[in-house]
Amino acid sequence: MNKKEFVLAANWKMNPVTLKEAERMLDGVETGVARLGRQDCGTSLNVIVFPPAVYLGALEKRKTIPFGIQNIGWEWKGAYTGEISYPMAENVGCKYAIIGHSERRRMFGETDETVNLKLRSLLQGSLKPIVCIGETKEEKDEGLTAKVLKEQIRTAFEKVSVLALPKIMIAYEPVWAISGMEKSAKSEADSPDNVMSAAILIRKTLFEIYRSDVVSKVKILYGGSVNGKNVDGFIALDALDGLLIGGASLNVFEFLTVARKAYEGCQITLEKIIHQ
Ligand code: PGA
């Protein structure tokens, strides 16, 4: 039986403010996810937590679920104040790294070029990258979504070997849909239909670059205001392999609601596959 793996990545961003609270959140997530995992349904839900980097070492000692780092430098070591390199992240037990998050692009000057440097650096080690892409509200309103996504992918994947693709995930995160981005307005998730079109476009763009079936191995996630109420529409999408959750991952109960729905949704998808 083919296992369908669904990725649920919890991006805690710059939260919580104390290690104690981070430990409490992690305990809750671990207990809840372990309960889900005990029911054997032939699917696998891969829950990954991205805490603030300063907590990684402490949390790593007591974790049962994989961890990732929210950002990474592209150099190995040296005079780069404030940066953390991939061997350092590996050394404290990280398995994944987010690169090119729109908050880093918008507030900390990341560009498609630095995303490419980070991606190529990461691929020398064992961390699995989640490359974030997505259009702004203005770009969407001007009908530029496809152009922007293609450009972001082409530049990010420059000089990246086809052999590396199975390690890489792409998170489609429309900037306007991310909660907390627009301080004045309440952000809303994109529609599952739009997300499906974006996922198809992303895979098509990868195929144009690589001309290889290996592109089917790249996992495509969606992120932007996903919560327990709207998650079902995204789980049902065959074109989607997972979700990147920000705000809703800070509330353990809410996150576990998403996890439970993802777990059940994977079962339904698997049944569909078996009975086809
Ligand atoms: P959000 O964030 O779920 O709070 O919108 C998602 C993200 O930024 O990764």
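The values are calculated or read from the model by the stated rules, or taken from the named source; none is laboratory data. Predicted model, so just to flag it, every value in this text is computed and none were measured. In this analysis, Cβ positions are derived from the backbone assuming ideal geometry, glycine residues included, and neighbour counts consider all displayed protein chains.
In the range 153-168, the residues that are part of a helix (DSSP H, G or I) form Cβ pairs under 6 Å with partners that are of a type in the set (A, V, I, L, M), at six or more places apart or across chains, as follows: Ala156/Val115; Ala156/Leu119; Ala156/Val131; Val162/Val214; Ala164/Leu123; Leu165/Val214; Leu165/Val218. The residue of the range 212-226 that is farthest from the ligand (Cβ to nearest atom), among those that are free of Cβ contacts under 8 Å to residues at least 60 places away in the same chain and closer than 9 Å to Asp241 by Cβ, is Val218. Looking only at residues of the range 225-249 that are of a type in the set (Gly, Ala, Ser) and not in a loop (DSSP other than H, G, I, E, B), we find that the one that is nearest to Val175 (Cα to Cα) is Gly247.
Going residue by residue through the range 83-102, is there one that turns out to be surrounded by fewer than 20 Cβ atoms within 10 Å (Cβ to Cβ), within 30 Å of Ile200 (Cβ to Cβ) and under 19 Å from the mean Cα position of the chain (by Cα)? Scanning the range 83-102 turns up at least one residue that is surrounded by fewer than 20 Cβ atoms within 10 Å (Cβ to Cβ), within 30 Å of Ile200 (Cβ to Cβ) and under 19 Å from the mean Cα position of the chain (by Cα). Just a yes or no: is a residue in the range 252-266 surrounded by fewer than 18 Cβ atoms within 10 Å (Cβ to Cβ) and modelled with pLDDT under 90? Looking through the range 252-266, at least one residue is surrounded by fewer than 18 Cβ atoms within 10 Å (Cβ to Cβ) and modelled with pLDDT under 90. The residue of the range 37-62 that is surrounded by the most Cβ atoms within 10 Å (Cβ to Cβ), among those that are closer than 21 Å to Leu243 by Cα and modelled with pLDDT under 85, is Thr43. Screening Leu206 on (1) surrounded by 22 or more Cβ atoms within 10 Å (Cβ to Cβ); (2) within 15 Å of the ligand (Cβ to nearest atom); (3) at negative phi shows it passes everything except condition (2). Checking the stated criteria, Ser126 turns out to be free of Cβ contacts under 8 Å to residues at least 60 places away in the same chain, in a loop (DSSP other than H, G, I, E, B) and either hydroxyl-bearing (Ser, Thr, Tyr) or within 14 Å of the ligand (Cβ to nearest atom) (or both). All but one of (1) within 16 Å of the ligand (Cβ to nearest atom); (2) in contact with an Asp or Glu (Cβ under 9 Å, 6 or more places away or on another chain) hold for Phe50; which doesn't? Only one criterion in (1) within 16 Å of the ligand (Cβ to nearest atom); (2) in contact with an Asp or Glu (Cβ under 9 Å, 6 or more places away or on another chain) is unmet by Phe50, namely (2). Looking at Lys20, Lys3, just one residue is among the charged types (D, E, K, R) and at pLDDT 90 or above, and that residue is Lys20.
Matching residues to (1) modelled with pLDDT under 95; (2) buried (at least 20 other Cβ atoms within 10 Å of the Cβ); (3) closer than 20 Å to Glu103 by Cα:
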residue: Gln152; (1), (2), (3): no, yes, yes
residue: Thr155; (1), (2), (3): no, no, yes
residue: Leu163; (1), (2), (3): no, no, no
residue: Glu173; (1), (2), (3): no, yes, yes
residue: Ser184; (1), (2), (3): yes, no, yes
residue: Ile202; (1), (2), (3): no, yes, no
residue: Ser212; (1), (2), (3): no, no, no
residue: Lys217; (1), (2), (3): no, no, no
residue: Leu221; (1), (2), (3): no, yes, yes
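Can you tell me which residue is nearest to the ligand (Cβ to nearest atom) among those in the range 227-247 that are among the aliphatic types (A, V, I, L, M) and over 14 Å from the mean Cα position of the chain (by Cα)?
Looking at the filtered set, the residue picked out is Val231.
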